[in-house]
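Scroll down for the structure; my scribbles are underneath it.
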């Protein structure tokens, strides 16, 4: 039998862990124990995982072994902390960010791995990437506000001894609105006890993917969210962008409209889905074969991000695709995406104790704040509403060339 390479062993180990995680979730979400067949499969996978890991370690360099031992150590610390919580027989809350002062109920003090929220931002799946110009701030405390000058003054021409008119400079403040968010991950107690199961990776993966999905759908979707919402939420289209010979010019003219407001063209980012990206990759510039609308990772010379969430809206409480496709244009440095206060992880070994399940619950608060709503004087969505339109973001419908208008 041919000995497997290190890469092959790593792939197999991930496959084993993924399947063990599936078994764990299936049983935990069904609030039941593993069936006899599932238990036999779990035991077989657990034994294989130990063998694969031993073979893998034998092929690791010293540096790789050192890093691996660190990961194993952190996983064991988390596993031990969960065991201690289960044995206590009551709900326990820990902070994923240690608080100041003499605190014992946090990850660091407990000896478990510190799951920093900064580790939960990687974007590895389609539709979940966030623009590089969007700044995500974590651990925000206290009340924040952004002072805004909402108008300017004008030079006046007057006579030699004529008095100048008084001009008033108006100011306002923009404050973030925090909204609590969270999730629950059920874990079978057997998974906690089984050293061959990568519990740390399982919990992190669940938290990470959930956070990425939350941020992406909130930032890009046109859904009229009740609480946290991104700049394209319930946004009326500003015009059309065709996919024909005029696509390159249409996009540049749409971006140029932001220049009239004082935004720098080089700072904008375009948002589109993968199908629109494919169309623009195959669309020549200005009707020639001298390059394409999308080439070298840029769309009409500007960075872009692909996300199917842009073409979604709400049907009741369900996120559904829109009937049409859109391109979003935005200056994301004008959007404040902030995580507030502590990130708390609650370990609940009681609620589903009769099913052999421990629930790990994550709770924190996020705010989504468009800082561009009051610049250039601002414009209310309707007279007297007190709600102002975005100035740094726009939505354009993708249409065939002959249907193009408003550009």
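Any idea how far the Cα center of the stretch 192-230 sits from the one of the stretch 279-311, in Å?
Here the answer is 30 Å between Cα centres.
Do me a favour and compute the ellipsoid semi-axes for the stretch 228-322 from its Cα gyration tensor, root of five times each eigenvalue, largest one first, whole Å. Could you put the intermediate results ahead of the total?
Details: eigenvalues 124, 59, 27 Å².
After scaling each eigenvalue by five and taking roots: 25, 17, 12 Å.
All of the numbers you see were taken from the coordinates with simple rules; none came from a lab. Treat the numbers as computed from the prediction; the structure is a model and nothing was measured.
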